[in-house]
Amino acid sequence: MIIGSIERADERDYPGKSAVIVYVCGCNLKCCYCGYAGLLGSCKTVTGHEWEYAEKYIRKRLDRIDAVIFSGGEPTLQEDLKACMRQVKEMGLATKLETNGTKPEVLRDLLMSNLVDFVSMDVKAPLENYQSVVGCRLDVELIRTSVWVVKQSGVPHEFRTTVVPGLHTTRELKAISELIHGADRYVVQDFISTNPLRGDLRGRPAFPHKPLEDIRSYVERRVKAYEIRHAEEARQMPVARRRVRSKPVPV
């Protein structure tokens, strides 16, 4: 396994757990809004640390953490992911997998092997719009299959969409909630425009919060929980203010 970096997780990354995130290298998508360009590319061409580096980091903190999150990049591209997750479980720690859902058979195997305690799957867009967002040709039936695998697994899970102004609309978010109907949780999260893969998105404000809140009742009829996840680093879209005309002064 090739690893880009390891860091302490935010409390929202794995609710109720003190965790570290292992960011693995290599990804088979090129999402235009992605801020992790250093983790993209083939697992065979990118450079990074070996698994032993992560293992040593984790073992030194066993008294302070109770979970490890495998993120990326795309972890399911790593041939030794299963062995590494099993090793973490043998340390007595919980595991969370963050995936783009393009490898449903790998996902199914990990879940059936009881190696995943929580799974978070990105759903980038409605299936008919997927390729325009992920930047490459993709059989979207792989995404549909992974959604089904996650929902049927019995493992706690969430589906996530990074909402980008100009790329997403509330109508599309409603369509995604239909695709994941019956899921544990649907999370829509702020776009952070600090270093996106597509240069013209740099500095773009995050999606306005009010429209995301306005569709809450619609989404909550289709999933068990709906969360709007804000990021402090996100540049918020300014609120338009109505100009109040001053009354004419009588002469």
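Residues in the stretch 202-214 carry Karplus couplings, in order, of 4, x, 5, x, 5, 4, x, 6, 4, x, 5, 6, 5 Hz; the curve used is 6.51 cos²θ - 1.76 cosθ + 1.60 with θ = phi - 60°, and Gly or Pro positions show x.
Based only on other Cβ atoms within 10 Å, what is the fewest-to-most ordering of 20, 119? Intermediate results must be reported in sequence, preceding the final value.
Values: 20 20, 119 24.
Listed from fewest to most nearby Cβ atoms, that is 20, 119.
Each residue of the stretch 150-158 was assigned a 3J(HN,Hα) from its phi angle through the Karplus expression (A = 6.51, B = -1.76, C = 1.60, θ = phi - 60°), giving 5, 5, 8, 6, x, 8, x, 8, 8 Hz with x at Gly and Pro.
Amide H contacts of residue 14 (H built 1.01 Å from N, in plane; Pro and chain starts excluded): no residue 5 or more places away or on another chain comes under 5 Å. Toward the positive end of the charge dipole of the stretch 3-229, with +1 on the Cβ of Lys and Arg and -1 on the Cβ of Asp and Glu, the farthest Cα among 129, 49, 106 is that of 129. Fewest neighbouring Cβ atoms within 10 Å first, the residues 144, 221 line up as 221, 144.
Residues in the stretch 18-25 carry Karplus couplings, in order, of 9, 10, 10, 10, 9, 8, 8, 8 Hz; the curve used is 6.51 cos²θ - 1.76 cosθ + 1.60 with θ = phi - 60°, and Gly or Pro positions show x. The convex hull defined by the C-alpha atoms of the chain has an orientation-averaged projected area of 17.0 nm². Pairs with C-alpha atoms separated by more than 32 Å, drawn from the list 56/103; 89/174; 103/224; 60/82, are 89/174.
With neighbour counts taken as other beta-carbon atoms within 10 Å, the residues 173, 201, 97 rank, fewest first, as 201, 173, 97. Amide H to amide H, with H built 1.01 Å from N, residue 24 comes under 5 Å of 4, 71, 72, counting only residues 5 or more places away or on other chains.
Annotation: amide H of residue 226 within the under-5 Å range of 186, sequence separation 5 or more or interchain, hydrogens built in the peptide plane.
Every number in this text was worked out from the coordinates using simple rules, so none of it is lab data. These numbers were taken from a predicted model, which means no experiment stands behind them. Because the Cβ atoms are built from the backbone with ideal geometry, glycine has one as well, and the counts that use them run over all protein chains shown.
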